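Read through the structure below, which is laid out as structure tokens, and then see the notes.
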Amino acid sequence: MSTVRRPDHRSAHRPARAAHANGLRHVLTHLITPLLMCIGMGLAYLGAFAHPAPHHLPVAVVGSGRSIQLLAQSINDKAGGDLEVRTVGDRAAAVDRLTHQAIFGAYVIPAQEAKGAKRAKGASDAADASGSERAQGRAGRSGEAGAPSGSGGSGGSGGSSTSRTSSGSAGRDGAGGAARPGKPVPELLVATAGSDTSATVVQKVFTPIAAQQGAPLKVTDVAPTTEDDPTGQGVFFLLVAISIGSYASVAVIGGAGAVLPLRLRTALAIGTSFVVGLIGTAFAGPVFHLVDHGLVGLWGMAWLYSAGVLLIGTGLHTFLKRWTTLGVMTLFVMLNFTSSGGIFRPEMQNGFFAALHSFWNGAGFVEGVRSHVYFDGYGLAGHVWTLVGWLVAGLVVIGVAALAEKRRRTAEAEAAAHAAAVAAAAVAATVPEPAWSARPAGGAGPGASHGSAHAAAALEEERDEELEEAVGV
């Protein structure tokens with residue numbers, strides 16, 4: 001009697017379960033990248049922008065004399081390190097420092113008030129001196145003529161009356177000045193093109209001080225932005241657009257262009273940066289009118305910035321492979337946007353991001369554009385050199401990557417040659433001599449052919465995975 005064996009369903013499902021487990025492991029491995037991006041973006045943006053507060057923000061009080069120095073010292077003491085208050089001799093000097101971004105606000109006390117106070121004090125001193133002289137003169141005449149002392153008392157009374165009249169007159173003049181609608185008011189000088197947020201902070205500091213003096217605060221912007229960019233933050237968002245175009249191109253050049261020699265990938269990176277710079281200039285000028293002049297200089301800085309990002313990213317792809325996107329995002333988004341000064345200047349941030357602002361490429365672009373467009377090129381050379389430095393760093397990374405790829409190709413060629421030799425030796429040991437001798441001269445054995453095909457398939461699979469990762473991100 002024959003026995004019919006039923007199929008084992010558990011053994012039939014094992015290959016499917018294994019495939020699902022491998023697929024799930026593959027997905028979970030690739031999910032590490034976006035999760036790390038989430039953590040990095042949260043730490044960077046919230047760490048830089050969550051609690052903005054001034055740290056030794058330089059401002060000035062305009063004027064001279066002890067009263068001005070006491071006012072500056074009083075503001076400095078109350079700020080507790082938030083402000084760095086100094087005195088400036090006159091309004092022209094304050095405007096010059098604002099346009100050089102040495103200070104971010106200047107409080108100008110009305111000159112008429114200071115002169116009025118000096119005149120009132122001078123009149124009071126003169127009245128006191130005059131009354132004293134008259135009293136002494138009357139006392140001398142009374143002594144010579146033998147007049148009664150009551151006359152002297154009367155004269156003293158007259159002197160006091162004169163003094164009170166002078167004081168009263170001065171008081172009326174002051175009251176009349178306060179009542180006049182044309183009385184000068186305190187003025188605050190700011191430069192919103194340097195930083196709108198810093199100008200707002202300075203205004204909040206000096207508005208209560210003007211109120212204590214019983215006068216409204218007049219705010220004068222000595223370096224305004226264009227009408228289509230009232231907050232001055234359009235330059236920052238231009239930086240965002242150029243950065244995304246640059247580091248996203250890195251993923252494509254590194255993934256799809258992995259089969260190309262490094263010199264061709266470098267040429268592609270430089271050419272792409274040229275186009276990205278043109279797109280950014282079009283956005284800043286004819287499209288959104290963020291900048292009304294100096295577009296050629298803006299394009300030059302945009303090209304320098306984009307070329308630095310693309311060259312560094314292209315070189316890093318040799319080493320980071322599918323982690324390249326996370327690497328360039330860390331460099332040119334997380335650390336770059338937060339330290340650029342486009343939203344808050346370094347004086348409004350903690351020490352870490354304030355330190356990055358001094359040499360990071362995003363800060364070089366934002367501050368360079370501001371200097372070129374709004375501040376007559378003051379400090380522009382330093383910002384351009386910052387961008388040039390990052391471009392040179394990109395060329396250095398490309399050079400290191402070229403050496404690494406050359407060594408890798410040499411090692412792969414040696415490994416392939418060794419594998420072919422081993423396969424040939426194995427075939428020679430197992431295949432009879434006539435069969436082997438029948439092969440064409442110089443031909444490799446079947447084992448070598450199988451090894452080469454396997455290596456080519458592995459390389460193609462790796463390239464497909466890199467391109468899939470880049471396109472997915």
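The values are calculated or read from the model by the stated rules, or taken from the named source; none is laboratory data. Not measured: the values here are computed from a predicted model. For neighbour counting, all protein chains shown are included, and Cβ atoms are generated from backbone atoms with ideal geometry for every residue, glycine included. Ligands, DNA and RNA are excluded from the accessible area calculation, which covers all protein heavy atoms including side chains. Shrake-Rupley method; radii C 1.70, N 1.55, O 1.52, S 1.80 Å.
Across region 284-298, what is the total count of residues that are farther than 15 Å from THR225 by Cβ and open to solvent by 80 Å² or more (accessible area, probe 1.4 Å)?
Summing the residues that are farther than 15 Å from THR225 by Cβ and open to solvent by 80 Å² or more (accessible area, probe 1.4 Å) in region 284-298 gives 2.
Is it the case that ALA210 is out of contact with any strand residue (DSSP E or B) (no Cβ under 7 Å at 6 or more places or on another chain) and either open to solvent by 60 Å² or more (accessible area, probe 1.4 Å) or assigned to a helix (DSSP H, G or I) (or both)?
yes
Got at least one residue in region 280-293 being farther than 26 Å from MET329 by Cα, in contact with a Gly (Cβ under 8 Å, 6 or more places away or on another chain), among the β-branched types (Val, Ile, Thr) and in contact (Cβ under 8 Å) with a residue 40 or more places away in the chain?
Yes, region 280-293 contains at least one residue that is farther than 26 Å from MET329 by Cα, in contact with a Gly (Cβ under 8 Å, 6 or more places away or on another chain), among the β-branched types (Val, Ile, Thr) and in contact (Cβ under 8 Å) with a residue 40 or more places away in the chain.
Can you tell me which of PHE359, PHE352 is surrounded by fewer than 22 Cβ atoms within 10 Å (Cβ to Cβ) and part of a loop (DSSP other than H, G, I, E, B)?
Exactly one residue qualifies, and that residue is PHE359.
What's the number of the only condition in (1) closer than 30 Å to LYS321 by Cβ; (2) in contact (Cβ under 8 Å) with a residue 40 or more places away in the chain that ILE244 fails to meet?
(2)
Filter region 341-352 down to the residues that are touching a Leu at 6+ places or on another chain (Cβ under 8 Å) and either aromatic (Phe, Trp, Tyr) or closer than 14 Å to HIS55 by Cα (or both) and list them by number.
Residues satisfying the conditions are GLU347, MET348.
List the number of the failed condition for SER64; all other conditions in (1) at pLDDT below 90; (2) open to solvent by less than 50 Å² (accessible area, probe 1.4 Å); (3) polar (S, T, N, Q) hold.
(2)
Report yes if VAL252 is of a type outside the set (D, E, K, R) and at pLDDT 95 or above, otherwise no.
no
Give the residue that is farthest from ALA102 (Cα to Cα), with candidates limited to residues of region 21-60 that are of a type in the set (Val, Ile, Thr) and surrounded by 15 or more Cβ atoms within 10 Å (Cβ to Cβ).
Looking at residues that are of a type in the set (Val, Ile, Thr) and surrounded by 15 or more Cβ atoms within 10 Å (Cβ to Cβ), I get THR33.
Considering each residue of region 296-320, count those that are in contact (Cβ under 8 Å) with a residue 12 or more places away in the chain and either over 18 Å from GLY362 (Cα atoms) or outside any helix (DSSP H, G or I) (or both), and give that number.
6
For region 237-248, does any single residue satisfy the condition of being surrounded by 21 or more Cβ atoms within 10 Å (Cβ to Cβ) and out of contact with any helix residue (DSSP H, G or I) (no Cβ under 9 Å at 6 or more places or on another chain)?
No, region 237-248 contains no residue that is surrounded by 21 or more Cβ atoms within 10 Å (Cβ to Cβ) and out of contact with any helix residue (DSSP H, G or I) (no Cβ under 9 Å at 6 or more places or on another chain).
Provide a single number: the residues in region 69-97 that are free of Cβ contacts under 8 Å to residues at least 12 places away in the same chain and open to solvent by 60 Å² or more (accessible area, probe 1.4 Å).
6
Looking at ASP221, ASP196, which one is surrounded by fewer than 17 Cβ atoms within 10 Å (Cβ to Cβ) and under 22 Å from GLU84 (Cβ atoms)?
Sole residue among the options that is surrounded by fewer than 17 Cβ atoms within 10 Å (Cβ to Cβ) and under 22 Å from GLU84 (Cβ atoms): ASP221.
Which of the residues spanning region 313-330 are open to solvent by 10 Å² or more (accessible area, probe 1.4 Å) and aliphatic (A, V, I, L, M)?
LEU316, LEU320, LEU326, MET329
Could you go through region 366-374 and let me know if any residue there is part of a helix (DSSP H, G or I), among the basic types (Lys, Arg) and modelled with pLDDT of 95 or more.
Yes, that holds for at least one residue.
Of all residues in region 338-347 being open to solvent by 10 Å² or more (accessible area, probe 1.4 Å) and part of a helix (DSSP H, G or I), which is nearest to ALA404 (Cα to Cα)?
PRO346
Return yes when GLY232 is modelled with pLDDT of 90 or more, on the phi > 0 side of the Ramachandran plot and open to solvent by less than 20 Å² (accessible area, probe 1.4 Å) and no when it is not.
yes
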